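**Student:** Before we start, here is the structure in question, set down as structure tokens.
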Amino acid sequence: MFDFDIIKSNTLLGESGFYLNKTNEIVFLDLMNPSIIFYSIEKKILTKKKLSLPKPLGNIYPLENGKFIISCFTGLYIYDRTKDSFKQFVDIRKNNERRDISYNDGTITRNKIWIGLCHIKETDDLGYFGYLQNKKFIEIDRGFKVSNGPAINEKLNHLYFSDSFNSRIYQYNLKTLKKKNIFKFDKKQGFPDGIALDNKNGLWVAHWAGGRVSRINLKTSKIDYQIKLPALNITSVTFVGKALNHLFVTTAKLETTKLQLEKYTHSGSSFIIKTDFKGLKIPYGNTKTL
């Protein structure tokens with residue numbers, strides 16, 4: 001039912017895919033082999049650029065002016081693609097957090113960039129997430145080993161969050177910050193990682209250690225579609241293409257044994273999956289309000 005193309009991105013830990021609608025490209029990162037990767041959808045050409053930033057990288061945020069914010073172990077930096085240069089932007093962490101807390105998943109909404117943080121060893125519940133606006137960070141919730149997602153429906157004021165280590169997906173009301181658990185995965189399904197929303201009440205989930213992408217029907221709170229992929233550790237999902245009806249998926253070679261690589265032969269590759277759904281558009285970051 002779902003056809004997909006394989007992109008040989010060869011990522012140690014591929015993550016943070018965003019669709020650049022101005023240039024019809026996809027941008028994503030290799031977190032553990034610090035690199036920024038561009039894929040031209042029209043030309044089907046992949047370009048990878050090594051970055052002189054300390055690993056792990058966290059997330060990438062495309063900006064309206066053609067630049068990017070990239071988070072890494074030492075904070076957030078502005079990357080100028082044209083000049084191939086960096087400028088330090090901000091570090092939202094407290095001084096006593098900078099040894100043990102690192103940056104992870106995020107997204108963009110109107111006038112805000114959303115930032116997730118994690119415990120660097122992924123053993124303590126020190127992670128948290130929130131948004132940055134006018135260089136001020138507003139915390140939404142904390143108490144996670146790893147902060148994954150979020151995916152946001154601004155019209156409904158709903159935020160979805162992936163609590164990977166507890167195998168749960170939460171929904172937050174952004175007006176009241178009331179939180180509820182909407183789905184619990186079985187360990188055999190792997191762990192929920194990156195997530196993306198479509199316009200038909202669906203939440204798409206990448207399964208770390210699960211070799212698949214699934215769609216949760218938010219009306220029924222049940223999985224209605226699963227797409228098995230030839231990679232074990234699926235890391236992020238985002239809708240791409242001019243019609244936003246293709247799902248771009250990143251994966252990792254990290255934490256994959258030799259035996260598993262023989263079975264999941266495209267671990268570290270990326271995938272573009274044609275769907276019958278349309279994703280919610282994610283805007284560029286507004287440079288005037290950050």
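Where a number appears in this text, it was derived from the coordinates with a stated rule and is not lab data. Keep in mind that what you see is a predicted model, and the values were worked out from it rather than measured. We place every Cβ from the backbone using ideal geometry, glycine too, and count neighbours over all the protein chains shown.
**Student:** Which distance in nm do the two modelled labels at N166 and D124 give, with both placed 7 Å along the Cα-to-Cβ direction?
**Tutor:** Placing both labels 7 Å beyond Cα along the Cβ direction yields 1.9 nm.
**Student:** Among [x] -0.75, -0.87, -1.11, -1.24; [y] -0.79, -0.88, -1.02, -1.10; [z] -0.57, -0.69, -0.98, -1.15, only one was calculated for this model; which label is it, if the read-out is log10 I(q)/I(0) by the Debye sum over Cα atoms at q = 0.11, 0.12, 0.14, 0.15 Å⁻¹?
**Tutor:** Among [x] -0.75, -0.87, -1.11, -1.24; [y] -0.79, -0.88, -1.02, -1.10; [z] -0.57, -0.69, -0.98, -1.15, the one calculated here is [z].
**Student:** Ignoring everything except DSSP H segments at least 4 long, calculate the 222 nm mean residue ellipticity for the chain; use -39,500 (n - 2.57) per segment, divide by total residues, nearest 500. Can you show the working numbers first?
**Tutor:** On the way: 1 runs with 6 residues, N = 290.
One gets -500 deg cm²/dmol as the mean residue ellipticity at 222 nm.
**Student:** Another one. Among T176, T220, T74, which one shows the biggest mean-square fluctuation in a GNM of the chain, springs joining Cα atoms closer than 10 Å?
**Tutor:** Among T176, T220, T74, the largest GNM mean-square fluctuation belongs to T176.
**Student:** So how strong a dipole does the chain carry about its Cα centre when Lys and Arg Cβ are +1 and Asp and Glu Cβ are -1, to the nearest 20 debye? Don't skip to the end; give the middle numbers.
**Tutor:** Values: 46 positive and 27 negative charges, 88 e Å.
The dipole of the chain has a size of about 420 debye.
**Student:** Work out how much length N157 to K281 would gain on full extension: take 0.36 nm times their residue separation and subtract the Cα-Cα distance, in nm to one decimal.
**Tutor:** Numbers: separation 124, 0.36 × 124 = 44.64 nm, distance 1.49 nm.
Here the segment from N157 to K281 would lengthen by 43.2 nm.
**Student:** Below 12 angstrom from the Cβ of G14, what's the summed charge of the other residues (Lys, Arg +1; Asp, Glu -1)?
**Tutor:** Neighbour charge sum, excluding G14 itself: 0.
**Student:** At R0 = 25 Å, how high is the FRET efficiency between T289 and K8 if r is their beta carbon distance? Nearest 0.05 is fine. It would help to have the intermediate numbers written out before the result.
**Tutor:** Values: r = 38 Å, r/R0 = 1.51.
So, using R0 = 25 Å, E works out to roughly 0.10.
**Student:** Follow-up question, since we're still on this one. State the extension gain, in nm to one decimal, for the chain segment bounded by K187 and K274, taking 0.36 nm per residue of separation less the distance between their alpha-carbons. Provide the component values of the computation, followed by the final result.
**Tutor:** On the way: separation 87, 0.36 × 87 = 31.32 nm, distance 2.75 nm.
Value of the extension gain: 28.6 nm.
**Student:** Right, another one. Please work out the FRET efficiency for the pair S221 and E262, using the Cβ-Cβ distance as r and a Förster radius of 41 Å; give the result to the nearest 0.05.
**Tutor:** Details: r = 36 Å, r/R0 = 0.88.
It comes to 0.70.
**Student:** While we're looking at this one, here's another question. Which FRET efficiency value, to the nearest 0.05, do you get for A243 and D84 by plugging their Cβ-Cβ distance into 1/(1 + (r/R0)^6) with R0 = 51 Å?
**Tutor:** On the way: r = 32 Å, r/R0 = 0.62.
With R0 = 51 Å, the Cβ-Cβ based efficiency is 0.95.
**Student:** Could you tell me the ratio Rg/Rh of segment 192-290? Both radii from Cα atoms, Rh via Kirkwood.
**Tutor:** Numbers: Rg = 14.6 Å, Rh = 14.1 Å.
Using Cα coordinates only, the ratio equals 1.03.
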